[in-house]
1. What FRET efficiency would be calculated for the residue pair residue 242, residue 213, taking the C-beta separation as r and a Förster radius of 22 Å, to the nearest 0.05?
2. For a footprinting-style exposure proxy, rank 352, 215 by other Cβ within 10 Å, fewest first.
3. Tell me, what HN-Hα J-couplings in whole Hz come from the Karplus equation 6.51 cos²θ - 1.76 cosθ + 1.60 at θ = phi - 60° for each residue of the range 303-319, using x for Gly and Pro?
4. Can you tell me which of 318-325, 265-272 comes out highest on packing, and rank the rest after it, using the mean Cβ neighbours within 10 Å?
5. For the range 175-215, just say rounded, prolate or oblate: build the C-alpha gyration tensor, square-root its eigenvalues into a ≥ b ≥ c, call rounded for a/c under 1.5, and beyond that prolate if a/b exceeds b/c, oblate if not.
6. Tally Lys/Arg at +1 and Asp/Glu at -1 over every other residue whose Cβ is under 12 Å from the Cβ of residue 348; what's the total?
7. Rank 341, 219, 64 by mean-square fluctuation in a GNM of the chain with C-alpha springs under 10 angstrom and give only the top-ranked residue.
8. Suppose a student asked you for the relative contact order of the chain, using Cα pairs under 8 Å spaced at least 6 residues apart; what percent would you report?
Amino acid sequence: MGKGAHRFTATALAAIALTACTSAQGAGGGATVAAPTITAAPTLSSLQRGPNGEVPVSASSIKFTADELARIKAGNFTVGLIWADPNDGVTARKALKELGIGIAAEVDTNFDLQKEHDAVQVMLAKKPNVVLALIVDSAASAKNFQPLVDAKIPLIFEENIPAGFKYGQQYAGSVAQDYAAAATYAADIIAQSMGSAGQLGFLYYNANFYIVNAWDKVFKDTITKKYPNIVMVEAGFADPAKAQEVAAGLITRNPNLKGLYASWQEPLDSALAALRAAGKTNIPATCVGMGQSTALAIARRKQVPGVGGVGFYQEGALEADLVAYLVLGKTTPSLVISPAFPVTRANLAASWTQYYNTALPADVAAALAQP
């Protein structure tokens, strides 16, 4: 996922990107929480927009004929991959291989602008048909990627777009997950778990990263508009490594919290640790996204009644599909998004499969099997 003006560590990105995490921090002891009942909406979120106001199209609109798939496999096409974190490329690499598109070069920039600059130089030398990238910084990355625009190498971006780049001119398309819908589901889940009343801690990301800022806003707006008896108390964190400290301060200042939201899994794990340290093991909490620790907490009924889920696996597949569109000479949409869905204990196994295209981890499956 691309960043805004503030850089993230690769660890933080991995958490936001919703890769499976083996940490059990969010699954520690605590009172059980009531299971909410949330139904997935059947239509595309009307709230989701790209950084420049791009209106998304559904993942279901991206299709290939048998002849097109054969042409892709026979074309010896290549793509260059630039990732701020290599975890984001797992699904895309698999999907590209299945399509028959080779990888000319792949560079992990680790959210370092100089490494991103150097990665672009690699791509200029390799001359792939397309470059797919997760940028470091929306403002600073524009200068880094301009040489690829000048070289007329088509660009596909994940989540974030370099500042000033226009669809159809400097870039060919982008892919995201439907975080707006996911944030709405997270809001409904936590509100229901709180009985739609009381103080809700809002632990938000206080740095300039468009997509996270956007889903935090959707969550906040949903609570404000739909649940008038919930009072939000806020604290922002700019450094994910300090989220537990920020959460502890929020908890101390507001001893009557009835629920808590954190932007994504890593700060949620930190917030849960802060709640446990304060002896508040009966307060439900949620976030956007799911990893192994959140899934385990949901399965064990420990403080996480559910989360807003997104199509992590499908996002990578869509990125490969847009690369394929370009090598075929087809027009790519400015923004295509993978669907979101509510994740609760009732649909945890199916949600994990939709999320990661794998079966539940053994510890989560064992916990889910308990009555």
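1. Efficiency at R0 = 22 Å is approximately 0.75.
2. Neighbour counts put them in this order, fewest first: 352, 215.
3. For the range 303-319, the Karplus-derived couplings read 6, 10, x, x, 9, x, x, 10, x, 4, 5, 5, 4, x, 5, 5, 4 Hz, x marking Gly and Pro.
4. On the way: 318-325: 25.8, 265-272: 28.2.
With the highest mean Cβ count within 10 Å placed first, the list reads 265-272, 318-325.
5. oblate
6. Numbers: positive: 300, 301, 345; negative: none.
Within the 12 Å Cβ shell, the charges total +3.
7. Top of the fluctuation ranking is 64.
8. Details: 846 pairs, mean separation 96.3, N = 371.
Rounded, it is 26 percent for the chain.
Read-outs: derived from the displayed coordinates by stated rules, not from any lab. Remember, predicted model here, so these are calculated numbers, not experimental data. Glycine gets a Cβ as well: all are built from the backbone with ideal geometry, and neighbour counts include every protein chain shown.
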